[in-house]
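Handing you this structure, nothing more for now.
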Amino acid sequence: METALLRSFSSIILESPISLTHFLAATVLIIVVLCFTFRPKSTYLIDFTCYLPPESLRIAKESYIEHIEMSKLYDKETYSFQVKVLERSGIGEESCVPIALHELPPHSSLHAARKETEMVLFSVVKDLLSKHKINPKSIDILVSNCSLFCPTPSITSMVINKFGFRSNIKSINLSGMGCSAGILSISLAKDLLKVHQNSLALVLSMEAVTPNGYMGTKKSMLLPNLLFRMGGAAILLSSRKRDKQTAKYELQHIVRTHIGSDDEAYQSVFQQLDEAGHVGVSLSRALIPVATKALRTNISKLGPLVLPYSEQLRYAWSIIHKKVLLLPSQKKIYAPNFKRALQHFCIHAGGRAVIDGIVDSLRLDKEDGEASRMTLHRFGNTSSSSIWYELCYLEAKGRMKKGNQVCQIAFGSGFKCNSAIWKCISDIDPTERNAWSDRTYLYPIDEVPK
């Protein structure tokens, strides 16, 4: 049987050479179709908007300290601790808190928390959609993240009700994910865009400050009070090919790391009750070492995706020298130079120590942490949206050029470290109005000594 088939096939090829041509052409065509069908779908970032609070909500350090003193909740030691943290925090005089926290005593009601959420998200969504003349009903996917404020109806429902999104929109609300939730939301939206092709996704990132003020005296739980400020961002993503012409960026990679199986990491950022029954989020002393460990794990996965082969080989060779050959001349493992692949870095503005730690770990220059430090100075720690204020800063300063790649790095409770790589695919206009436009000429500024 096999011999007969072979003879038949051979005779076809010999007698009809054109059949072989057709066969090869069909094979090539099938391969091309398969490659086209199964190639990775691109995710485009059309644009994003960051919330700019009104000047009336600013809280200078002196005003914050005065509020602490007038509250009469703290003894001398705890009062001095808070003043010291504020002075060394890296936060300037222009960060803002919601109106409810300007009152004495602070008014942390459910109604006030809703008002803050609506003020931030309604503003950025309206600005983003109106800027690009997008009908709300054309949005196919809606993802929001807010870690500690999770009302019913959800935050996505608030936005759907306000703007009249269509009834079959795919909406998801993330909570409890910490400051790294912004990249998690992008990751989720990317996966949904792969399934629902030719779609638009709107991602909303914020943290509500109003309901999360700690009223106790435990130092580790007072830190969030001193560092977190109001803010938020709206990001418009697309999987439609035609949007590549107008999009600012194309998503290259997302790497997610979760080391929550380690007890110390799991408890490093932890919402709990203190001895007096006050609810707050505790930041442990192990936070920086835990963040370093999470970053190391994340970078080990990110490196092979972005680093040139020369850097990867130098890293591998240093490991062989130190751990295999045990050569005494190899004192430490080579740290790859990520600036060989990435031009910009947006490091979560969680605090001065966090920014400095990442800059040192990645062997970056001081200028590479500028966007993060200036965001911390002007807006404070805005949680998951801080990386978007930083990207906004780079655009406003005219540093983002077509072809550049930018790395966003964020940390969050759990403990998580997430990173995203974006490639700029358009010419960014630095004169385009954004959250930094009115203060670009003032930055960068000299920081207060540590």
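The values are calculated or read from the model by the stated rules, or taken from the named source; none is laboratory data. Everything quoted here is computed from the prediction, not taken from an experiment. In this analysis, Cβ positions are derived from the backbone assuming ideal geometry, glycine residues included, and neighbour counts consider all displayed protein chains. These area figures cover heavy atoms from the full protein model, side chains too; ligands, DNA and RNA do not enter into them. Shrake-Rupley method; radii C 1.70, N 1.55, O 1.52, S 1.80 Å.
So what's the projected area for the stretch 163-228, the Cα convex hull averaged over all directions, in nm²?
6.2
Quick one: accessible area per residue over the chain, 1.4 Å probe, rounded to a whole number of Å²?
Dividing the accessible area of the chain by its residue count gives 49 Å².
Please find, in a Gaussian network model of the chain (springs between Cα atoms separated by less than 10 Å), the residue of Ala181, Ala112, Ala316 whose mean-square fluctuation is greatest.
Highest fluctuation of the listed residues: Ala316.
Among Ser300, Ser385, what's the order by accessible area (1.4 angstrom probe), most exposed first?
Solvent-accessible surface, decreasing: Ser300, Ser385.
Where does the chain land at 222 nm, in deg cm²/dmol rounded to the nearest 500, when only DSSP H runs of n ≥ 4 count, each adding -39500 (n - 2.57), divided by all residues?
Theoretical 222 nm ellipticity from helices: -12500 deg cm²/dmol.
OK, next. Which one, Ser310, Ser268, His258, is farthest towards the positive end of the dipole of the stretch 258-315 when Lys and Arg carry +1 and Asp and Glu -1 on their Cβ?
Looking along the dipole axis, the top candidate is Ser310.
For every other residue with a beta carbon closer than 11 angstrom to the beta carbon of Lys162, add +1 if it is Lys or Arg and -1 if Asp or Glu, then tell me the sum.
Around Lys162, the charge tally is 0.
Kindly sort Ser147, Ser56 by accessible area of their heavy atoms, largest first, with the probe set to 1.4 Å.
Ranking Ser147, Ser56 by accessible area, largest first, yields Ser56, Ser147.
A follow-up question, please. About the Cα centre of the stretch 159-264, what is the dipole size in debye to 20, counting +1 per Lys and Arg Cβ and -1 per Asp and Glu Cβ, all else neutral?
600
How large a share of the accessible area of the chain, in percent, is made up of carbon and sulfur atoms when the probe is 1.4 Å and the other protein chains stay in place?
Exposed carbon and sulfur together represent 57 percent of the surface.
Need one number: % antiparallel among DSSP beta bridges in the chain, to the nearest 5.
70
Anything over 23 Å Cα to Cα? Flag those among Lys72/Lys115; Lys41/Lys162; Lys190/Lys423, in the order listed.
Violating the 23 Å limit, Cα to Cα: Lys72/Lys115; Lys41/Lys162.
Measure out, as a whole number of angstrom, how far apart the alpha-carbon centroids of the stretch 171-243 and the stretch 420-446 sit.
21
If we count every other residue with Cβ under 14 angstrom of Asp191's Cβ, Lys/Arg +1 and Asp/Glu -1, where does the sum land?
Taking every Cβ under 14 Å from that of Asp191, the sum is +4.
Hey, in the GNM for the chain with a 10 angstrom Cα cutoff, which one of Arg114, Arg240, Arg340 fluctuates hardest?
Arg340
Calculate how steeply helix 61-71 sits against the longest principal axis of the alpha-carbon atoms of the chain, using the helix alpha-carbon long axis, and give the answer as 0 to 90 degrees to the nearest 10.
Once rounded, one gets 60 degrees.
What is the local net charge at Leu442, summed over the other residues whose Cβ is closer than 12 Å to its Cβ (Lys, Arg +1; Asp, Glu -1)?
Once all neighbours under 12 Å are counted, the net charge is -1.
For mean projected area of the Cα convex hull in nm², several values are listed as (i) 30.9; (ii) 41.5; (iii) 27.8; flag the one computed from this structure.
So the structure-derived entry is (i).
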